[in-house]
Amino acid sequence: MEPAMWESRRRFLTLFLISSVPIAAIQSSIRAQARPKQNPPRPGPQKEENGEEPKFDSKAMLEANQKNIKKSIERLYQLASELKAEVEKTDSVKVLSVAMLKKAEDIEKLAKEIRSRAVG
């Protein structure tokens, strides 16, 4: 190819890039202005008929949370014991059971739920 042809291509691409950047910026600013930001209303505590906000019994909530955590820990212990028994009776070097993987995933999921409840 001739050097003049390369130069004309280079000039064309340069002009194209220079003109497309401002156009893209203008389009994005127009889109941003066209879409008003809408914050969804947050559901807060509903007011009672007399106009006062209901009061939450934090002690009862904490006790219920503690009971749920204890039940989850018992379930976690049961799943871990079942997984241990399965691992002991199978040769995991040769065979990796889908049921064992599923049980391990359930254990992991339950442990994460317990941690999130305990943290708050």
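All of the numbers you see were taken from the coordinates with simple rules; none came from a lab. Small disclaimer: the values here were computed from a predicted structure and weren't measured. A quick note on method: Cβ atoms are made from the backbone with ideal geometry, for glycine too, and the neighbour counts reach across all protein chains shown.
Binning the alpha carbon pair distances of the stretch 58-119 at 10 angstrom intervals from zero yields the distribution 21, 42, 22, 12, 4, 0, expressed in whole percent.
Note on the stretch 58-119: with charges restricted to the Cβ of Lys and Arg (+1) and Asp and Glu (-1), its dipole about the Cα centre is near 280 debye.
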